[in-house]
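What follows is a short report on a single structure.
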Amino acid sequence: MTDLQTPSPSSAPAAGAPAADTRPYSPGLEGVVAAESAIGLVDGANGRLLYRGYPIGQLVRHGSYAAVADLLWTGEWHPDVRMACAPLPLQVLRTLRELPSTTVPMDALRTAVSVWGASQQLAWPPTPEQARAITAFSPSALAAFGRLRRGLEPVDPDPSLDLVEGFLYQLNGDRPDAGTARALDAYFVVGAEHGLNASTFTARVITATRSDIASAVCGAIGALKGPLHGGAPSEVVDQLTRVGSAEHAEQWINEALDRGERLMGFGHRVYRAYDPRAAALRTVAESMDVRPKWLDLAIQVEDVALRILAERHPDRPLKTNVEYYAATVLQGVGLTPDLFPSTFALARHAGWTAHAIEQAAANKLIRPDMRYTGPQERDLPA
Ligand code: ACO
C-alpha cells in the first residue's frame, strides 16, 4: 500500500489564489477502500482466495463453473446447477462475419457483447438471470469468431453440454474428452472472481450509473484487454520455449535476471505467499488424462526459478502466480496463446456480473474527486 500523498510545498498557491488542496491522494487508488463486498476474499498475506467464504481449492475439487457462477451471483451453493452455451442472435453472427480475420479475439468478444446488448431489453438493476444469459452467450461468440477467422463456419451450441465443454465443442467442432473439459472448467472456476481488480471496478462504475449489464461487461473486457491487467500467460509459454530444457533453466534464468528482466508467472501485487490459484491449476494440470506438453518442464523450471528468486530477493517473497500454470492448462486443452486473454475474460464474466448485481443492490454513483494541477483562472491572450 502506498502512503496517501499530500501536496508538496512547491505546489502551494500564490497569494490571492484558492487555498491548496490538502486532501489525501493515492495514485492508482492504491490502498483506498472503494467498495464493500461479500463476494470474494483475496488474502494475499496468507495465500487464500475465498468465494463467498469457500476456499478456491475446494471449489475446484468439488464444484463446476456453473455452480461457482451461481454461488457468486446468489450466495447459495447448489452443486448440481447446470449452464449451457446460448445460441447467437443473427445480428451478432452477422457482425462477427464482418470482422477482419486479423481482429484481436478480445476486440471480437467486446464487439459481440455490445451487439448482444443492443439486441436485448436489459432493464436495471441487473439480475442473476441477466448474468446467466450474458455468461452463456459469450463463449458461443468467442468460439464462432475463433472459427470464422480460420475460414470455418460456426457450430451451433449443443444444449446437452455444460458451458466449458460446449465452448470447446463450438470452437473445435468436436466434443472434448472429459479430462480436457474438466481441466478447462477448473481454469474457469479459478478465473471467475478476484476482488476489486481494474476490470471488476470498471464493471461496478458502469453499473453504478444505472447502465445495463452488457455495457458493464463491455467496459470490463476493455479494461482486461490491457497487458497490465489481463496478464500474459502466453508470455509464460514463450519463456518456457526459450528456456528449452530443465538443464538449461539455471543459466537461462540467471542471465534473464542479470539483464533486468522479470520471470513471467512469478510475483504478485497482492499475494506474498504461493498463489492458491496456481496451486489448484498445477493439480489440475497434473491430473489431466493427456499430460500437457509443457507440464514437466514447467515444474522443473518453477523449482529452479523459486530458488533463484529467493536467493536474489531474500526480503521479498516472490512466488508462483496464477499465470504460470494457467498457461500450462490452456495450452494443454489445445487453445492457441492468442485465445488465452479472451478465454480468461469468459471465465471472469461470473465475477463481473456478480459485482454488477451487488453494486446495484446498494447503489451509490461512483464519482471520485481529483486534485486540480492546472493553471489558476486567467484571461485568454488578447
Ligand atoms: N521476476 C523477477 N523479479 C521480480 C519479479 C519477477 N517476476 N516480480 C517482482 N520482482 C522484483 C522486482 O524486480 C523488484 O525488485 P527490486 O526491488 O530489486 O527492484 C521487486 O521484486 C518488487 O517488484 P514490484 O514491481 O514492486 O512488485 P509488484 O508487486 O508491484 O509486482 C508484478 C507485481 C507486476 C506481478 C510483478 O511481480 C511482475 O512483473 N511479475 C512478472 C509478470 C507476471 O507474472 N504477471 C502476471 C501477474 S498475475 C496476474 O496478473 C493475474
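The values are calculated or read from the model by the stated rules, or taken from the named source; none is laboratory data. Nothing here was measured: the structure is a model prediction, and the numbers come from that model. Because the Cβ atoms are built from the backbone with ideal geometry, glycine has one as well, and the counts that use them run over all protein chains shown. Calculation scope for accessible area: heavy atoms of the full protein, side chains included, ligands and nucleic acids excluded. Shrake-Rupley method; radii C 1.70, N 1.55, O 1.52, S 1.80 Å.
Can you tell me which residue within the range 297-330, out of those that are more than 16 Å from the ligand (Cβ to nearest atom) and either touching a residue at least 40 places away in the same chain (Cβ under 8 Å) or in contact with a Leu (Cβ under 7 Å, 6 or more places away or on another chain) (or both), is most open to solvent (accessible area, probe 1.4 Å)? Per the stated criteria, the residue is Gln300.
Of the residues making up the range 24-38, those that are open to solvent by 80 Å² or more (accessible area, probe 1.4 Å) and over 18 Å from Arg371 (Cα atoms) are Val33, Glu36. For the range 167-201, a residue qualifies if it is of a type in the set (S, T, N, Q) and closer than 25 Å to Ala144 by Cβ, and the qualifying residues are Gln170, Asn172, Thr180, Ser199. Could you list all residues from the range 164-179 that are open to solvent by less than 30 Å² (accessible area, probe 1.4 Å) and in contact with a helix residue (DSSP H, G or I) (Cβ under 6 Å, 6 or more places away or on another chain)? Listed by number, the residues that qualify are Val164, Phe167, Gln170, Leu171, Pro176.
Screening Val92 with (1) buried (at least 16 other Cβ atoms within 10 Å of the Cβ); (2) part of a loop (DSSP other than H, G, I, E, B) gives one miss only, at (2).
Among the conditions (1) open to solvent by 60 Å² or more (accessible area, probe 1.4 Å); (2) more than 13 Å from the ligand (Cβ to nearest atom), the only one that Thr343 does not satisfy is (1). For the range 99-155, the tally of residues that are open to solvent by 20 Å² or more (accessible area, probe 1.4 Å) and in contact with an Asp or Glu (Cβ under 7 Å, 6 or more places away or on another chain) stands at 3.
Condition (residue is part of a helix (DSSP H, G or I) and open to solvent by less than 30 Å² (accessible area, probe 1.4 Å)) applied to the range 359-374: is it met by at least one residue? Looking through the range 359-374, at least one residue is part of a helix (DSSP H, G or I) and open to solvent by less than 30 Å² (accessible area, probe 1.4 Å). Return the residue satisfying two criteria in turn: it lies in the range 251-293 and is within 15 Å of the ligand (Cβ to nearest atom) and among the acidic types (Asp, Glu), and of such residues it is most open to solvent (accessible area, probe 1.4 Å). Filtering the range 251-293 for residues that are within 15 Å of the ligand (Cβ to nearest atom) and among the acidic types (Asp, Glu), the one most open to solvent (accessible area, probe 1.4 Å) comes out as Asp258. Checking every residue in the range 192-202 against the condition of being aliphatic (A, V, I, L, M), touching an Asp or Glu at 6+ places or on another chain (Cβ under 6 Å) and open to solvent by less than 10 Å² (accessible area, probe 1.4 Å) gives zero matches.
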